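Heads up, the thing below is written out as structure tokens.
The values are calculated or read from the model by the stated rules, or taken from the named source; none is laboratory data. Only a predicted model underlies this, so the values are computations on that prediction, with no experimental measurement involved. FYI the Cβ positions are ideal-geometry reconstructions off the backbone, even for glycines, and counts take in every protein chain you see.
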Amino acid sequence: MFYLKYRPKTVSEIDNSRVKETIKKILESKNLPHAFLFIGQKGTGKTSAARIFAKAVNCLNKKEDQIEPCNRCVNCLSIASSSYTDVIEMDAASNRGIEEIKNLIKETSFLPMSGRYRVFIIDEAHMITSDGFNALLKTLEEPPESAIFILATTNLEKLPKTIVSRCVKVNFGKGLKADIVSMLKRVGQNEKLNYQNDFYSLIAHHSDYSFRDAAKILEEVSMQKIKTVDELESFLGIRGKNDLLEIIEKKDSKKTFIWIEEFAQNGGNFKNLIEDILEELRVQLLIKKGVKIEDEKTSVLTLTEISRLIKLLMEAYQLLRSTPIESLPLEIALVEFYNK
Ligand SMILES: Nc1ncnc2c1ncn2[C@@H]1O[C@H](COP(=O)(O)OP(=O)(O)OP(=O)(O)O)[C@@H](O)[C@H]1O
Ligand SMILES: [Mg+2]
Ligand SMILES: [Zn+2]
């Protein structure tokens, strides 16, 4: 699987540029903190970064002034294969109670077997029960010299403030499109896929801000021998979105609804479609506002029309979650757009 094969193994391979800098700084600092909170959406590299971190502090070949793990020594290799006894990964989604946390705390009193630190990685940390958090509080405040805690969460709001304030926060946020594109290019080069920039951009655009999802799409697309952007658009269920925009520009309402009906019949993906049209409209908005963008043709819609359409489509996008008929939110949005 691409997303496992290309899981970042060094700090420099973390494609999330902000996170890369933060982790570098932490590893360079003289006094290494002992409790971290990795916050971010799914598939943004929290677990990967936690493992890199565990390797970096336990690597046997690492010199004082360098931060990268060697990925060759026994410690690095066994951390990578999850067989290293001093890296303890716990999924708080299934081990959330006071007993599990107490056991974990007991573990922190043991010295590391072969490295410098025992690293405790707690995934989905927001799932821990309040009793569990209370038990953890004191250990987080004064962790043993040889213990490092990394709490990972997709949901910061659900963590008690007392826990949050004891940790150094690393914010993974959402995957940025540019960062995801650079990950996809790295994979593409390695797999000799020969795709162009716009191909990777389109995947990144439909990856839900997740590096993992993007890598999965790339893998499927390459397995299905999809070569062109046209084919990719079909694959993503957004074939012909430019045609729809042209019809909208002509305000041809009958054609519009025939187009949408065909799109639905062909199994088109309305979420992807609306995302793409919004992206295009935003570019048009910028052009009308005098922000030059290369190679883009200018829409015949006025600035007011564009901004009204954007608002309507954003509403439609929200409604996608609850609609019983997938095409309906878009159809209603366009009825309203034409009716004025
Ligand atoms: N910053 C990144 N740079 C490059 N690839 C990444 C990055 N983040 C994630 N990936 C890719 O996504 C996959 C999943 O990443 P990881 O398991 O670290 O995410 P996570 O944040 O822990 O997600 P979850 O919240 O679902 O546990 C990795 O195997 C890798 O292929
Ligand atoms: Mg994870
Ligand atoms: Zn090493």
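Within the range 134-150, is even one residue of a type in the set (Asp, Glu) and assigned to a helix (DSSP H, G or I)? Yes.
Might you check whether a residue that is over 16 Å from Ile122 (Cβ atoms) and within 13 Å of ligand 1 (Cβ to nearest atom) occurs anywhere in the range 60-78? Checking the range 60-78: not a single residue is over 16 Å from Ile122 (Cβ atoms) and within 13 Å of ligand 1 (Cβ to nearest atom). Listed by first and then second residue, the pairs with beta-carbon distance under 7 Å, at least 6 apart or on different chains, first residue in the range 52-76 and in the same structural domain as Ala147 (by TED's automatic domain parsing) and under 20 Å from Ala147 (Cβ atoms), second among the acidic types (Asp, Glu) and surrounded by 14 or more Cβ atoms within 10 Å (Cβ to Cβ), are Ala56/Glu68; Asn58/Asp86.
If only residues of the range 28-69 that are among the basic types (Lys, Arg) and within 16 Å of ligand 3 (Cβ to nearest atom) are counted, the one that is nearest to Phe172 (Cα to Cα) is Arg51. Out of Gly173, Gly240, one residue alone is touching a helix residue (DSSP H, G or I) at 6+ places or on another chain (Cβ under 9 Å), within 26 Å of Ile310 (Cβ to Cβ) and within 16 Å of ligand 2 (Cβ to nearest atom). It is Gly173.
Here is a yes/no grid of residues against (1) closer than 23 Å to Thr44 by Cα; (2) modelled with pLDDT of 95 or more:
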{"position": "Asn75", "(1), (2)": "no, no"}
{"position": "Ser82", "(1), (2)": "yes, no"}
{"position": "Gly97", "(1), (2)": "no, no"}
{"position": "Glu107", "(1), (2)": "no, no"}
{"position": "Asn134", "(1), (2)": "no, no"}
{"position": "Thr139", "(1), (2)": "no, no"}
{"position": "Pro143", "(1), (2)": "no, no"}
{"position": "Ala152", "(1), (2)": "yes, yes"}
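A Cβ distance below 6 Å, combined with a sequence gap of six or more or placement on separate chains, defines the contacts here; from the range 134-149, residues that are closer than 10 Å to His34 by Cα and outside the structural domain of Met113 (by TED's automatic domain parsing) reach no residue that is of a type outside the set (Phe, Trp, Tyr) and surrounded by fewer than 17 Cβ atoms within 10 Å (Cβ to Cβ).
The conditions of being over 21 Å from Leu273 (Cα atoms) and not acidic (Asp, Glu) are met by Lys225.
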